[in-house]
Amino acid sequence: MWLPVDLSFSLCHSTRNYSFATPREDSIVERRRVRQHKRQTTFQATIFIANIKVHSCHPANHNKLYVSELASFVVMSRQNRKRKSKRVGKATYNNAIGYDTRGRLYQSVEEVWYSHASRKQEDWYSIAESYWHKQNPSVDGMLGGYSNLSDIDVRSSLQFLQGLQLPSTRIALDVGSGIGRVATELLTKMFEQVDLLEPNVHFLELAKQNVSDSQLGRVFRCSMQDFIPEVDRKYDLIWIQWCIIYLTDEDLVEFLKRCKSCLSASGLICIKDNVSRKHFVVDTNDASITRTSKQYEDLFKQAGLHLVCCQIQENFPRQLFPVFMYALGLKSF
Ligand SMILES: C[S@@+](CC[C@H](N)C(=O)[O-])C[C@H]1O[C@@H](n2cnc3c(N)ncnc32)[C@H](O)[C@@H]1O
């Protein structure tokens, strides 16, 4: 006879119902054995669930499941609670401010860049490049399997932009444009011309076809970290959606400074991306970092930008990371 084990793990309960089989408890010895078995099974189940969470989300995991964050962290916390003082890498459960999808804890964000810089073969950016090379050039590919959220996303972005009351709507730049989803669905509805910036040549070709000739501005086949703005081009809006996570902190600040230099007098930079609630999360599959809002605000400050407005995307599934929309300007309004 087999009995189900209560995982006594609220996070798991809240996401899925699992049951695990254990032998019947017949005697004290047997009960002890069962208790031990339960502990092991629960622990294994937790790891198992963590793995499911990490791997069950679509590989194009921009909309990485928030539950994966919780589950992986709980795996680590359960291990570490038992041996509080034992260090895992440099960070411990108590002092970690971030972790990656392989279960490594980080005490500082610098450790992330350091560990990547010290690798011989792959560097941070080439992982993302080859990752995106393998993704489908479709809305589903762009949204990690969540193409059903595209309409809600665009609608909220439109409301957000309208609320900003931009005095001029001449030229916008779509950064990390992918196949031009945002350019076609959002930016061309508000701006006379839209420029595209995207490193993946296949996506960019599609984006160029998707935006009407009359509204297609300049096209930059390059990455954010390599982008040098053209001196004769000023933007009323620079829209950066679901791609800033690929930049290291240093490159993010430098990129924003360059964006600042090509804004029109009343122009704004808008960043829409996943934001982690408590710990930053590094996804080792595509070399991305989901930052906390505190990290973002620090980086915006370092770039000399003012936070004009910030809104959280509504009506997205709760298991996803929260998505923030930031509007940044040269001076406070
Ligand atoms: C999740 S898709 C988002 C596409 C589009 N912004 C949207 O919301 O539909 C991420 C895009 O960022 C691009 N990307 C990845 N790393 C980048 C980098 N370092 N610089 C610019 N774009 C990058 C990818 O090629 C991909 O097109």
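Just so you know, all these numbers are worked out from the coordinates, no wet-lab data involved. Since we're looking at a predicted model, the values are computed, not measured. All Cβ positions, glycine included, derive from the backbone under ideal geometry; neighbour counts span all protein chains shown.
Estimated at 0.36 nm per residue, the fully extended path between Ser168 and His202 surpasses their Cα-Cα distance by 9.1 nm. Near the amide H of Leu268, within less than 5 Å, lie the amide hydrogens of Leu237, Ile238, all on another chain or at least 5 residues away, with H placed in the peptide plane.
Taking neighbour Cβ counts within 10 Å as the exposure measure, how do Asp249, Asp123 sort from fewest upward? Each step should come with its number before you reach the end.
On the way: Asp249 17, Asp123 13.
Listed from fewest to most nearby Cβ atoms, that is Asp123, Asp249.
With the simple model of a label 7 Å out from the Cα in the direction of the Cβ, Ser130 to Ser214 spans 4.5 nm. Less than 5 angstrom separates the built amide H of Cys222 from those of Glu198, all sequence-distant by 5 or more or on a different chain. Taking θ as phi - 60° and the Karplus parameters 6.51, -1.76 and 1.60, the scalar couplings of segment 105-115 work out to 9, 10, 8, 8, 6, 4, 4, 5, 5, 5, 5 Hz in sequence order, x denoting glycine and proline. With neighbour counts taken as other beta-carbon atoms within 10 Å, the residues Arg218, Arg104 rank, fewest first, as Arg218, Arg104. Summarising the amide proton neighbourhood of Val308: residues at separation of 5 or more, or on other chains, whose placed amide H is nearer than 5 Å comprise Ala327, Leu328, Gly329. Multiplying the residue separation of Val231 and Ile312 by 0.36 nm and removing their Cα-Cα distance gives an extension gain of 25.8 nm.
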